[in-house]
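Everything below concerns the one structure shown next.
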Amino acid sequence: MKKLLVANWKTNPLTTKEAVKLAKAEDHKGVVIAPPHVFLESASKTLKKAKLASQDAFWGDLGAYTGEISWRQLKEFGVEYVILGHSERRNPPVGGGETDELINKKLLSALEGGLNIILCVGEPKEIREKGIETAKNYVQNQLEKDLKGAENLKLKTENLIIAYEPIWAIGTGTPDTPESAAEMSIFIKSLLTTNYSLQTKVLYGGSVNGRNSSGFLSHPEIDGALVGGASLNPEEFNKLI
Ligand code: PEP
């Protein structure tokens, strides 16, 4: 399986000019770029090799959903992937605290609409402190709720990617170890094979940078990385590529 790098720019950068410059610098095969919605159009005109992702997508397609952007509108910009369930949206204040039920509704709509999903799951610090088995139970519970009903869709491998992102590792400079991330990846893959008959890519996310990336990316059980902070620095991101 080829490795995949997902660049989550979050609410960065400030201007279209900067966004286009960053998109050009990261335009490589095997890369998926998730700019803020306001830069999707300019990024889509810029990218030749990388694929485009949205950082979220609402479940309704058209209608009275003030402030939301629907999966159907995103397709207009050539968006092929949608990140759902990022911990920053699950936990207030960003996204208002998305529940597994809301994430599930968004996931089913976007999948039915023909978009590929990058579903983020991962445990908070207090759960991990109880041990990796407790963390696995936590992640299993998220996956079962977020993917409810997906077993009825005819999914292909590329339609659903799981990003294992322990919350305590995101933006903290303290990544998980490649060994634990790989253990979680094996666990997630076996769950998805058993419950959904799916061979799924599992990415690791959480403080991945140019110095530590090879430990994760060279691991056979880790299919790539979801990168936040380091994706805003083209030099750093190019080390990952
Ligand atoms: C993320 O935003 O999903 C993420 C992993 O961020 P960072 O790489 O900055 O930890």
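For the stretch 148-163, indicate whether the set of residues that are over 25 Å from G113 (Cα atoms), modelled with pLDDT of 95 or more and of a type in the set (A, V, I, L, M, F, W, C) is non-empty.
Within the stretch 148-163, the subset over 25 Å from G113 (Cα atoms) is none.
Within the stretch 148-163 (the criterion being over 25 Å from G113 (Cα atoms), modelled with pLDDT of 95 or more and of a type in the set (A, V, I, L, M, F, W, C)), the answer is no, since none of the residues qualifies.
Is at least one residue of the stretch 126-133 away from the ligand (no atom under 14 Å from the Cβ), among the small types (G, A, S) and not in a loop (DSSP other than H, G, I, E, B)?
Applying the first criterion (away from the ligand (no atom under 14 Å from the Cβ)) to the stretch 126-133 yields 126-133.
In the following step, the residues that additionally are among the small types (G, A, S) were identified as 131.
Narrowing further to those that are not in a loop (DSSP other than H, G, I, E, B): none.
No - not one qualifying residue is present in the stretch 126-133.
Taking V208, is it open to solvent by less than 40 Å² (accessible area, probe 1.4 Å) and part of a strand (DSSP E or B)?
no
Among the residues of the stretch 42-80, write down those that are open to solvent by 10 Å² or more (accessible area, probe 1.4 Å), over 18 Å from V31 (Cα atoms) and hydroxyl-bearing (S, T, Y).
Answer for the stretch 42-80, where residues must be open to solvent by 10 Å² or more (accessible area, probe 1.4 Å), over 18 Å from V31 (Cα atoms) and hydroxyl-bearing (S, T, Y): Y65, T66.
Assess whether K2 counts as being surrounded by fewer than 20 Cβ atoms within 10 Å (Cβ to Cβ), more than 15 Å from the ligand (Cβ to nearest atom), modelled with pLDDT under 95 and within 24 Å of L240 (Cβ to Cβ). Outline the logic, then answer.
Values: surrounded by fewer than 20 Cβ atoms within 10 Å (Cβ to Cβ): yes; more than 15 Å from the ligand (Cβ to nearest atom): yes; modelled with pLDDT under 95: yes; within 24 Å of L240 (Cβ to Cβ): yes.
For K2, the condition - surrounded by fewer than 20 Cβ atoms within 10 Å (Cβ to Cβ), more than 15 Å from the ligand (Cβ to nearest atom), modelled with pLDDT under 95 and within 24 Å of L240 (Cβ to Cβ) - is met.
So, in the stretch 196-218, exactly how many residues are away from the ligand (no atom under 16 Å from the Cβ) and closer than 22 Å to N116 by Cβ? Talk me through it step by step, then tell me what you get.
Here is the first cut: in the stretch 196-218, the ones away from the ligand (no atom under 16 Å from the Cβ) are 196-200, 218.
Those left that are additionally closer than 22 Å to N116 by Cβ: 196-200.
Qualifying residue count for the region: 5.
Output the number of residues of the stretch 222-235 satisfying the condition of being over 17 Å from A169 (Cβ atoms), open to solvent by 30 Å² or more (accessible area, probe 1.4 Å) and either assigned to a helix (DSSP H, G or I) or touching a strand residue (DSSP E or B) at 6+ places or on another chain (Cβ under 8 Å) (or both). Walk me through it before giving the result.
Our first condition is that a residue be over 17 Å from A169 (Cβ atoms); within the stretch 222-235, this holds for 223, 232-235.
Still in the list and also open to solvent by 30 Å² or more (accessible area, probe 1.4 Å): 232-235.
Now narrow it down to the ones that are either assigned to a helix (DSSP H, G or I) or touching a strand residue (DSSP E or B) at 6+ places or on another chain (Cβ under 8 Å) (or both): 232, 234-235.
Residues meeting the conditions: 3.
Just checking: which of the helices (runs of 4 or more DSSP H) contained wholly in the stretch 41-125 hold 1 or more residues that are more than 16 Å from the ligand (Cβ to nearest atom)? First the steps, then the outcome.
Numbers: elements: 71-75, 87-90, 100-112.
Here the list reads 71-75, 100-112.
Of E221, E151, E165, which residue is touching a residue at least 12 places away in the same chain (Cβ under 8 Å), within 12 Å of the ligand (Cβ to nearest atom) and of a type in the set (D, E)? Break it down into steps so the answer makes sense when it comes.
On the way: E221 fails: within 12 Å of the ligand (Cβ to nearest atom); E151 fails: within 12 Å of the ligand (Cβ to nearest atom).
Result: E165 is the single residue among E221, E151, E165 that is touching a residue at least 12 places away in the same chain (Cβ under 8 Å), within 12 Å of the ligand (Cβ to nearest atom) and of a type in the set (D, E).
Any idea how many residues of the stretch 167-190 are under 16 Å from N141 (Cα atoms) and in contact with a helix residue (DSSP H, G or I) (Cβ under 6 Å, 6 or more places away or on another chain)?
2
For the stretch 95-110, state whether one or more residues are closer than 16 Å to S54 by Cβ, modelled with pLDDT under 95 and of a type outside the set (D, E).
Looking for residues that are closer than 16 Å to S54 by Cβ, modelled with pLDDT under 95 and of a type outside the set (D, E), one finds at least one in the stretch 95-110, hence yes.
Looking at the stretch 65-78, is at least one residue touching a Ser or Thr at 6+ places or on another chain (Cβ under 9 Å), within 16 Å of L203 (Cβ to Cβ) and touching a residue at least 12 places away in the same chain (Cβ under 8 Å)?
No, there is no match, as no residue in the stretch 65-78 is touching a Ser or Thr at 6+ places or on another chain (Cβ under 9 Å), within 16 Å of L203 (Cβ to Cβ) and touching a residue at least 12 places away in the same chain (Cβ under 8 Å).
Just to be sure before I move on: is E158 acidic (D, E), surrounded by fewer than 21 Cβ atoms within 10 Å (Cβ to Cβ) and within 21 Å of A7 (Cα to Cα) in the structure I sent?
On the way: acidic (D, E): yes; surrounded by fewer than 21 Cβ atoms within 10 Å (Cβ to Cβ): yes; within 21 Å of A7 (Cα to Cα): yes.
In short, yes.
Residues L119, L198, L143, L192: which one is among the hydrophobic types (A, V, I, L, M, F, W, C), open to solvent by less than 50 Å² (accessible area, probe 1.4 Å) and within 21 Å of A34 (Cα to Cα)?
Result of the check over L119, L198, L143, L192: L119.
Could you grab me the full set of residues in the stretch 1-35 that are in a helix (DSSP H, G or I) and hydroxyl-bearing (S, T, Y)? Let's see the steps before the verdict.
Residues of the stretch 1-35 in a helix (DSSP H, G or I): 16-25.
Across the stretch 1-35, the qualifying residue is only T16.
Only one of (1) within 17 Å of A7 (Cβ to Cβ); (2) without any contact (Cβ under 8 Å) to a residue 24 or more places away in the chain; (3) open to solvent by 60 Å² or more (accessible area, probe 1.4 Å); (4) not in a helix (DSSP H, G or I) fails for V38. Which number is that?
With (1) within 17 Å of A7 (Cβ to Cβ); (2) without any contact (Cβ under 8 Å) to a residue 24 or more places away in the chain; (3) open to solvent by 60 Å² or more (accessible area, probe 1.4 Å); (4) not in a helix (DSSP H, G or I) applied to V38, the lone miss is (4).
The values are calculated or read from the model by the stated rules, or taken from the named source; none is laboratory data. Not measured: the values here are computed from a predicted model. All Cβ positions, even for glycine, are placed from backbone atoms using ideal geometry, and neighbour counts span all protein chains on display. These area figures cover heavy atoms from the full protein model, side chains too; ligands, DNA and RNA do not enter into them. Shrake-Rupley method; radii C 1.70, N 1.55, O 1.52, S 1.80 Å.
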